[in-house]
Amino acid sequence: MQLRDSVHSERAFTGIANANNCLQPAKKNRVNCKALCVSVTVLAWLLFAPVSRAQSWDDKLRWTIDFSSRLQYLTNTSGSNPGQFNSVGVDAFRVFSSRYRDVATVNLQINLWCINNLERRPGFFDGPDDCQLVTKASFVNFAIRGDGKFNLLVGHPELPFGLEVPVSTNQTLRQLTNPRDLGLKLDWGVGANGTIGGYHYATTVGRGSGVKYKDSNNPYSITARIGKATDTQSYLGAPGFGVSGFYGDVLTRVGSISNRWRLGLDGIFYRGGFGFMGQLSVGKTDSMDTINGLAEVNAVTRSANSVGYFQLRSFNQDFSTGWQDAWSAVAGMRFTPDTHWALSFQLEHELSVFGARTEQTIIDLQLRYRK
Amino acid sequence: MFSKRLSHLIHLGMLAVLIGLPFKLHAVAYCALRDPMLAIQTFYPGFTSYRSYLGVVGPDLRRVLDETLPYQLHFNEFGKHTLYVAYAGEKAIGLVHARSEKGDWGLDEIVWSFNMDLTVRDFRFQRSRSRWKDNLQDEVFKQALRGKGIEGLLQFLDADGSKFSKQISGLPPEAEKLAATVVRSALNTIVVTEYVWGDRLQVGRE
């Protein structure tokens with residue numbers, strides 16, 4: 001007994017040609033841009049490859065266009081306010097199947113990010129006014145066994161550490177601690193993952209350079225997590241728990257290497273309209289003891305179209321001069337009138353910071369549309 | 001990467017597109033069950049592989065739902081949805097499909113397991129904040145639903161499909177609202193599955 005084979009529609013995808021723009025102005029990044037463009041083109045071909053015979057009802061492809069525009073206001077700055085962050089991108093997902101089984105899934109997230117007067121920005125931007133083509137979570141996951149117990153992943157995944165596994169922070173104001181804790185949120189590399197006995201495991205070995213592929217000073221990252229399987233990733237995250245580990249030489253934004261290891265514990269649970277989640281990690285950053293954590297309480301309306309949250313984030317490190325802490329309190333809300341639109345507001349207040357920096361209050365407002 | 005002037009032009013263009021977007025469009029890529037392994041491994045311990053089938057749920061389905069079911073359904077999940085088929089070797093042994101239903105606190109996500117003839121085999125809550133969900137995941141309630149198709153499931157509801165009308169041992173009255181939601185979810189899933197993937201299932205049954 002078998003089900004009828006799928007047949008697909010022929011598609012043309014021209015938007016990915018924009019990737020070639022990265023080759024033009026910056027010669028220093030030419031090799032990396034070529035690697036990026038080749039990777040993105042291969043992934044895009046896998047997603048949108050033309051196949052024989054047209055049938056729109058099973059082309060195995062889901063994709064959305066993702067627009068967002070953000071204003072960011074800093075209360076304590078000599079620069080001009082507010083900063084802008086605009087993004088347009090494609091988020092695509094395609095499954096490849098043989099007669100009796102799925103053999104691979106492809107995930108592609110390509111965005112054009114443009115900033116204007118943005119002081120708080122990712123390290124790969126050349127300055128406060130810049131545009132960059134960014135590859136977010138983009139990978140191929142090969143189903144080696146067919147029963148989901150062992151898959152091999154190649155590409156640019158989110159690192160499987162802590163709450164980033166069950167919680168989706170893709171293009172949202174609400175963020176978690178991995179970028180600052182590990183020094184990375186995504187990385188180029190390979191990995192293995194699967195679900196066995198109600199538990200999901202994932203591990204990656206990566207380049208250690210984050211969003212952009214760079215090999216100077218030979219960075220690398222090794223990440224692993226095992227936790228309760230959830231079948232999905234979402235804004236609030238499915239309830240469960242997990243333990244994670246990380247080791248690596250991480251490439252910093254100034255080009256130096258930061259050696260880090262972490263052990264992490266995370267969990268999410270709900271009671272009525274309230275959700276509670278937390279993450280704790282311990283380890284070393286360049287031989288200095290480090291303890292970092294996040295605690296969040298969130299609440300959802302009965303219709304679930306509005307979510308409010310309050311986070312406490314804590315970073316603690318034993319410098320040569322002694323322990324220092326950097327605490328911040330974050331309050332935010334998101335209104336989603338339908339499945340396309342999301343209006344978000346967030347206020348982050350730094351209670352303490354490392355070194356001689358000045359505490360800052362950051363106010364963000366974002367409008368997002370996904371079609 | 002780009003010159004400042006070009007950067008500003010890109011900003012303006014992106015803002016113009018965002019502001020100019022119509023408020024109601026369809027075909028959003030939405031899926032409550034993107035990695036189905038926990039569900040499939042739970043429902044079909046002896047399975048050897050699974051295959052996903054994508055289907056387009058369009059506005060024409062609303063008419064079919066209205067004609068088949070006794071209650072008004074505010075169905076707004078148009079777009080692409082995935083049906084998973086579990087195999088034991090080359091034999092299709094069952095179906096897995098997830099649906100989202102309006103609950104007391106947001107959406108309740110229910111993952112359904114159906115036999116190949118679209119009768120109920122099992123279900124579980126993937127996401128629900130209801131305090132009564134454990135009562136419904138009890139084996140007594142599940143056993144009452146097992147093997148039921150559209151006609152059998154309608155017997156659990158009153159004439160207009162709004163209330164749960166059966167006596168189930170151990171099911172507290174307070175849980176009956178959620179029980180009715182679960183039964184309606186099963187009915188909706190059967191109608192949607194038959195309409196979108198019916199021709200393929202017919203081949204699988206032969």
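Read-outs: derived from the displayed coordinates by stated rules, not from any lab. Please read these numbers as outputs of a predicted model, since none were measured by experiment. FYI the Cβ positions are ideal-geometry reconstructions off the backbone, even for glycines, and counts take in every protein chain you see.
Please compute the average number of Cβ atoms from other chains found within 10 Å of each residue's Cβ in peptide B:139-148.
Details: counts 0, 0, 0, 0, 0, 0, 0, 0, 0, 0.
So the per-residue partner count for this stretch is 0.
Extension gain A:F310-A:S168, at 0.36 nm per residue separation less the Cα-Cα distance, in nm? Provide the component values of the computation, followed by the final result.
Numbers: separation 142, 0.36 × 142 = 51.12 nm, distance 1.67 nm.
Extra length available between A:F310 and A:S168 comes to 49.5 nm.
Taking the Cβ of each residue in A:M277, A:M288, A:M333 as the centre, tally the other Cβ atoms inside 10 Å and list the residues starting with the fewest.
A:M288, A:M333, A:M277
Classify the range A:136-282: rounded, prolate or oblate, from the alpha-carbon gyration tensor (a ≥ b ≥ c, eigenvalue square roots; a/c under 1.5 rounded; otherwise prolate if a/b is larger than b/c)? Kindly include the intermediate steps, with their values, before the conclusion.
Working: a/c = 1.86, a/b = 1.28, b/c = 1.46.
Oblate, because a/c is 1.5 or more while a/b does not exceed b/c.
Using the number of other C-beta atoms within 10 angstrom as an exposure proxy, rank A:D181, B:D160, B:D35 with the fewest first.
B:D160, B:D35, A:D181
Take the alpha-carbon centre of the range A:62-121, take the same for the range B:50-120, and report the distance between them in whole Å.
Answer, in whole Å: 30.
Work out the FRET efficiency for A:A295 and A:F345 from their Cβ-Cβ distance, taking R0 = 25 Å, and round it to the nearest 0.05.
Details: r = 20 Å, r/R0 = 0.82.
So the FRET efficiency works out to roughly 0.75.
How well do other chains shield peptide A:310-320, expressed as the mean number of their Cβ atoms within 10 Å of each residue Cβ?
Values: counts 0, 0, 0, 0, 0, 0, 0, 0, 0, 0, 0.
Per-residue shielding by partner chains comes out at 0.
Quantify how strongly other chains surround peptide A:126-133 by giving the mean number of their Cβ atoms within 10 Å of each of its Cβ atoms.
3
Shape of the range A:15-370 from its Cα gyration tensor (a ≥ b ≥ c, root eigenvalues): rounded if a/c is under 1.5, otherwise prolate when a/b > b/c, or oblate? Display every interim value, and only then the final one.
Numbers: a/c = 1.30, a/b = 1.24, b/c = 1.05.
Rounded is the answer for the range A:15-370, as its axis ratio a/c remains below 1.5.
Around A:G148, what is the net charge, scoring Lys/Arg as +1 and Asp/Glu as -1 over all other residues with Cβ under 11 Å from its Cβ?
Numbers: positive: A:R101, A:R145, A:K149; negative: A:D102, A:D147, A:D231, B:D35.
Cβ neighbours under 11 Å give a net charge of -1.
Could you tell me the relative contact order of the range A:15-370? Use alpha-carbon pairs under 8 Å, at least six residues apart, and round to a whole percent.
Working: 890 pairs, mean separation 40.9, N = 356.
It comes to 11 percent, rounded to a whole number.
For the range B:26-205, what is the charge dipole size about the Cα centre, in debye to the nearest 20, if Lys and Arg each add +1 at the Cβ and Asp and Glu each add -1 at the Cβ? Write down the numbers at each step before the final one.
Working: 23 positive and 22 negative charges, 66 e Å.
Result for the range B:26-205 is approximately 320 debye, rounded to the nearest 20.
Please rank A:H340, A:H349, A:H200, fewest neighbouring Cβ atoms within 10 Å first, as an exposure proxy.
A:H349, A:H340, A:H200
For the range B:26-205, would you read off the P(r) tail past 21 Å as a percentage of all alpha carbon pairs?
The answer is 47 percent, as a whole percent.
Which one, A:M277, A:L152, A:L294, is farthest towards the positive end of the dipole of the range A:15-370 when Lys and Arg carry +1 and Asp and Glu -1 on their Cβ?
A:L152
Along the Cα→Cβ direction, 7 angstrom out, place labels at A:R357 and A:F274. What is the inter-label distance in nm?
Between A:R357 and A:F274, the simple spin-label model gives 3.2 nm.
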